[in-house]
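Below is one structure, written out as structure tokens; comments come after it.
The values are calculated or read from the model by the stated rules, or taken from the named source; none is laboratory data. All values derive from a computational prediction rather than experimental measurement. A quick note on method: Cβ atoms are made from the backbone with ideal geometry, for glycine too, and the neighbour counts reach across all protein chains shown. Surface accessibility is based on the protein's heavy atoms, side chains included, excluding ligands, DNA and RNA. Shrake-Rupley method; radii C 1.70, N 1.55, O 1.52, S 1.80 Å.
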Amino acid sequence: MQISKATKIELLNFKSVPMRAFHASWLTFFICFFAWFGLAPLMPEIKKELNLTKTQIANISMAAVSMTVFARLLIGWLCDKIGPRLCYVILLSTGAVPVIMIGLVNSYESFLIGRLFIGLIGASFVITQYHTSVMFAPNIVGTANATTAGWGNLGGGVTQMAMPAIFAGIVSLGFTASEAWRIAMIFPGLALLLMAYVYFKYTQDTPEGNVLELRKKNPEFRAKNPDIKGSFWLACKDYRVWILGLVYGACFGIELTIDGIAAIYFTEEFNTPLMIAGIIAASFGMMNLFARALGGIYSDKISQKFGLKGRVVLLGAFLLLEGIGIMLFSEMTILPLAILTMILFALFVKMSNGVTYSIVPFVNRKALGSVAGIVGAGGNIGAVLANSLFTVHSYRYGLFIIGAVVCGISVLSLFLKFPNEESVAIPANMGESKEAEKVKELTKV
């Protein structure tokens, strides 16, 4: 029997398979993001202890996101092979090790290596997007993907406030600053291990069951979801994947960059205390509470009239406004205006993220994991390139250049094209229109 994907999001439903996956995926991604960027708000203290230079800090920021490039490519392919459930369990268990062990470092070199391996958990994003993509129908998949990713990305904002508070609490117990930041990282490490257990026990890969079991026991599922050996290369041959990767580098890559430098940017440029800088930086990440979801919601709404073409135009518009906002932010020398413009461009950064992954599920359903992995890796490559600017330019000038580049990429996004049969308008009610028949097959597992 074929089981259709969920056609609506019921936030208070914890019993249905799609909604359990929805809640488990965003919460797990939240913990991963918290652990991934847990060190960022503590960098002013770490900088003093390890005598780090501006170039070394930029290298550390690049290390934090560069390993994720390779991890996302591997995880995307692995999702196609064994399903998202086991992928998350493996990633969480592996990623907890460097998060907990980072407290043992005592030099720039060892800290750089530790930060590099912590970047592995950034691949969690691909699993989250894959899982919601296979659980929700086309009429709501943009909203589902954007909401789980946005709420997960909240971890980047919460950590900006929570880690300095944890750090201060540990210091108040009599520990030195050097000991406190090291001990503080144990908490997110343990949380990763807890979520590995939760994901294994309470989720499954698809509405029908787990991928490996279904391929063995269900001929109908096996026929529709074969173990394609060349799924990665199938994704690589599609030019749309590479454009979306570049686009994601221009939105999520910038989000990662700001998450990594925001606290130290405000302490150095505006002489704000660590706790205040953390709160300001957190306001950027906290926009994920609604902004990324808004991108997915708007994308789903516009697709009801204009199909995928509408999603693409919306993406280009949001990227253009993001780029303009970044350039404005780079010119601000008054703290309140800097905060205001940061929040402004943050809105479009996160909505662009949401629209990007409302398009990803429609590129190639037979290689969904690989497509999601390559596009996700593009986000991290964008972050690496953006951070590399800060090794040779000031933060302000580097941000201005980034804004201009984003504006350019917004035009490139308009070159995304889709076959006519995939560009039909997707009705809000999948069951009550003739157009729904054209996308009926897309709702099947």
- Go over the candidates Phe14, Phe22, Phe29 one by one and state the one that is more than 22 Å from Met275 (Cα to Cα) and without any contact (Cβ under 8 Å) to a residue 60 or more places away in the chain. Phe14
- Item | Condition met for Val17 (surrounded by fewer than 24 Cβ atoms within 10 Å (Cβ to Cβ) and touching a helix residue (DSSP H, G or I) at 6+ places or on another chain (Cβ under 8 Å)) | yes
- Would you check which residues across the stretch 18-72 are among the small types (Gly, Ala, Ser), within 20 Å of Ala262 (Cβ to Cβ) and part of a helix (DSSP H, G or I) and list them? Ala35, Ala40, Ala58, Ser61, Ala63, Ala64, Ser66
- Task: Select the helices (runs of 4 or more DSSP H) contained entirely in the stretch 199-313, then report the ones holding at least 3 residues which are out of contact with any helix residue (DSSP H, G or I) (no Cβ under 7 Å at 6 or more places or on another chain).
- Result: 211-217, 219-224, 239-270
- Task: Output the residues belonging to the stretch 235-266 that are over 18 Å from the mean Cα position of the chain (by Cα) and at pLDDT 85 or above.
- Result: Ala235, Cys236, Lys237, Asp238, Tyr239, Arg240, Tyr265, Phe266
- Message: Going through Gly307, Gly325 one at a time, which residue ends up being under 20 Å from Leu244 (Cβ atoms), open to solvent by less than 10 Å² (accessible area, probe 1.4 Å) and of a type in the set (Gly, Ala, Ser)?
- Response: Gly307
- Only one of Leu112, Leu116, Leu190 is hydrophobic (A, V, I, L, M, F, W, C), more than 20 Å from Gly354 (Cα to Cα), assigned to a helix (DSSP H, G or I) and touching a Ser or Thr at 6+ places or on another chain (Cβ under 8 Å); which? Leu116
- Note: among Glu213, Glu208, just one is at pLDDT below 95, touching a Phe, Trp or Tyr at 6+ places or on another chain (Cβ under 7 Å) and open to solvent by 30 Å² or more (accessible area, probe 1.4 Å), namely Glu208
- Selection from the stretch 151-187 of residues in a loop (DSSP other than H, G, I, E, B) and either surrounded by fewer than 19 Cβ atoms within 10 Å (Cβ to Cβ) or among the hydroxyl-bearing types (Ser, Thr, Tyr) (or both) yields Leu173, Gly174, Phe175, Thr176
- What number of residues within the stretch 328-378 satisfy the criterion of being touching a Pro at 6+ places or on another chain (Cβ under 9 Å) and open to solvent by 10 Å² or more (accessible area, probe 1.4 Å)? 4
- Item | Single residue of Ala64, Ala96 found to be in contact with a Lys or Arg (Cβ under 6 Å, 6 or more places away or on another chain) and open to solvent by less than 10 Å² (accessible area, probe 1.4 Å) | Ala64
- Assuming Gly278 fulfils every condition listed in (1) at pLDDT 85 or above; (2) open to solvent by less than 10 Å² (accessible area, probe 1.4 Å) apart from one, which condition is it? (1)
- Item | The listed residue being open to solvent by 10 Å² or more (accessible area, probe 1.4 Å), within 25 Å of Ala191 (Cα to Cα) and of a type outside the set (Lys, Arg), out of Leu50, Leu73 | Leu73
